[in-house]
Amino acid sequence: MTSAAAYAIPAPDGAFEKVTIQRRELGPHDVLIDVKFAGICHSDIHTARDEWGGTKYPCVPGHEIAGLVAAVGSAVSKHKVGDRVGVGCMVNSCGRCGPCLADEEQYCANGATMTYNTEVDPSVQPEGYTMGGYSTQVVVTENFVVQIPEGIGLDVAAPLLCAGVTLFSPLRHWNAGPGKKVAIIGMGGLGHVGVKIAAAMGAEVTVLSHSLSKQEDGKRFGAHHYYATSDKQTFKELRNRFDLILNTVSADLPIDSYMRLLNLNGTLVILGLPEKPLAVKPFTIAGYRRSLAGSMIGGIAQTQEMLNFCAEHGIGAEIEVISADEIDNAYDRVVASDVRYRFVIDAATI
């Protein structure tokens, strides 16, 4: 075992504090990464504050990790010392089920090993559960480490490891591109990356936001249209308009009203996770052969595809870099929607 500095939260109502954790010794297929930047995802907050239940403490969150390879195991062939690399939401999976064999490890039938708060053998992590990227170092099996291409700064690349692939995956799956009308609900940490990616794919992009306060940013990111959903006229004007709608917010929305904005054979994809069940009238779906679907991050191969795409098109997250002692305040600001658009921790401050 080797020691690493980290920031952990000791209880749901606690504050982050600097701790020392243990990382496993390198196995033949392991990669040791010096973390340079770690993004803050809203999922980190839900987990750290036990809002989804089942959090194990002390908890070290962080699944948007960008850094440099410090050492590799004897059998590693995909990465070498000095490589610019990233780690997203998963650090392992069974590798033998249908989804894993199809490069869809996020849907592993036996349960993927998430980057933090997943039970593992103590030989993998002494605490018996995974510890995330709010740390100076991580050890990850080589198949779950991706290359960050030159042309993307490590700081703006970090949020792409979760937010980027969360949007890229459904855009690819539902064939966003020229001739397709795509709407993004919400333009926060997820949505703003989705606007950039969808526009780069060639789709006609519309932002559906509560207000017009971010309209200038939306147009700068590539949106062709921007509407305020607080204006009831929006839902009349955009009736039967879109081929694909991606809902990036976790608020309880009137999904039936948004479903009516879909054109024939259109699909609304749930990415944000609201607390209450979704309510859709059967005729809303049947009448225009509309579909309601969901999507969860992306597999490792697709994450690499996303990073390559973003490098080619000059896409990175819009970020505010913070020091590790600002995590608690950053969490409060995320909850208050007071960030444009993603917080990233400078690991040098850990």
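A few points about this structure:
- Cβ pairs under 7 Å, 6+ apart, first in region 131-142 and farther than 17 Å from Phe37 by Cβ, second in a loop (DSSP other than H, G, I, E, B) and among the charged types (D, E, K, R): Val139/Arg24; Glu142/Lys78
- Test: residue in region 138-148 that is buried (at least 22 other Cβ atoms within 10 Å of the Cβ) and in contact with a His (Cβ under 9 Å, 6 or more places away or on another chain): yes
- Condition met for Leu212 (in contact with a Ser or Thr (Cβ under 6 Å, 6 or more places away or on another chain) and open to solvent by 30 Å² or more (accessible area, probe 1.4 Å)): no
- Condition met for Leu264 (in contact (Cβ under 8 Å) with a residue 12 or more places away in the chain and in a loop (DSSP other than H, G, I, E, B)): no
- For region 296-321, the set of residues classified as crowded, with 17+ Cβ neighbours inside 10 Å and under 13 Å from Ala157 (Cα atoms) consists of Thr303, Gln304, Met306, Leu307, Phe309, Cys310, Ala311, Ile315, Gly316, Ala317, Glu318, Ile319, listed by residue number.
- Restricting region 98-137 to residues that are hydrophobic (A, V, I, L, M, F, W, C) and under 24 Å from Gly73 (Cβ atoms), the residue that is most open to solvent (accessible area, probe 1.4 Å): Leu101
- For region 231-279, the candidate set comprises residues that are among the small types (Gly, Ala, Ser) and touching a Phe, Trp or Tyr at 6+ places or on another chain (Cβ under 6 Å); within that set, the residue that is nearest to Gly179 (Cα to Cα) is Gly266.
- The set of residues from region 186-232 being part of a loop (DSSP other than H, G, I, E, B) and of a type in the set (A, V, I, L, M) comprises Met187, Leu190, Met201, Ala203, Leu212, Ala223.
- Search result, residues across region 65-117 that are β-branched (Val, Ile, Thr), touching a helix residue (DSSP H, G or I) at 6+ places or on another chain (Cβ under 7 Å) and farther than 19 Å from Asp155 by Cα: Val76, Val91
- Residues in region 149-162 that are open to solvent by 30 Å² or more (accessible area, probe 1.4 Å) and part of a helix (DSSP H, G or I) were compared, and the one that is nearest to Arg239 (Cα to Cα) is Val156.
- Strands (runs of 3 or more DSSP E) within region 28-141 that include 3 or more residues under 19 Å from the mean Cα position of the chain (by Cα): 30-39, 65-72, 84-87, 90-92
- Verdict on Ile197 being in contact with a Lys or Arg (Cβ under 6 Å, 6 or more places away or on another chain), of a type in the set (Val, Ile, Thr) and touching a residue at least 24 places away in the same chain (Cβ under 8 Å): no
- Considering the conditions (1) in a loop (DSSP other than H, G, I, E, B); (2) touching a Gly at 6+ places or on another chain (Cβ under 9 Å), Ile245 is excluded by exactly one of them, (1).
- The set of residues in region 1-36 being closer than 30 Å to Lys80 by Cβ and open to solvent by less than 40 Å² (accessible area, probe 1.4 Å) consists of Ala4, Ala5, Ala6, Tyr7, Ile21, Arg23, Gly27, Asp30, Val31, Leu32, Ile33, Val35.
- Within region 48-83, considering residues that are among the β-branched types (Val, Ile, Thr) and closer than 24 Å to Val31 by Cβ, the one surrounded by the most Cβ atoms within 10 Å (Cβ to Cβ): Ile65
- Considering (1) open to solvent by less than 30 Å² (accessible area, probe 1.4 Å); (2) modelled with pLDDT under 95, the lone condition that Lys232 does not fulfil carries the number (1).
- Within region 163-189, being crowded, with 24+ Cβ neighbours inside 10 Å, within 23 Å of Gly86 (Cα to Cα) and modelled with pLDDT under 95 holds for one residue alone: Gly189.
The values are calculated or read from the model by the stated rules, or taken from the named source; none is laboratory data. Model, not experiment: these values are computed from the prediction. Because the Cβ atoms are built from the backbone with ideal geometry, glycine has one as well, and the counts that use them run over all protein chains shown. Surface accessibility is based on the protein's heavy atoms, side chains included, excluding ligands, DNA and RNA. Shrake-Rupley method; radii C 1.70, N 1.55, O 1.52, S 1.80 Å.
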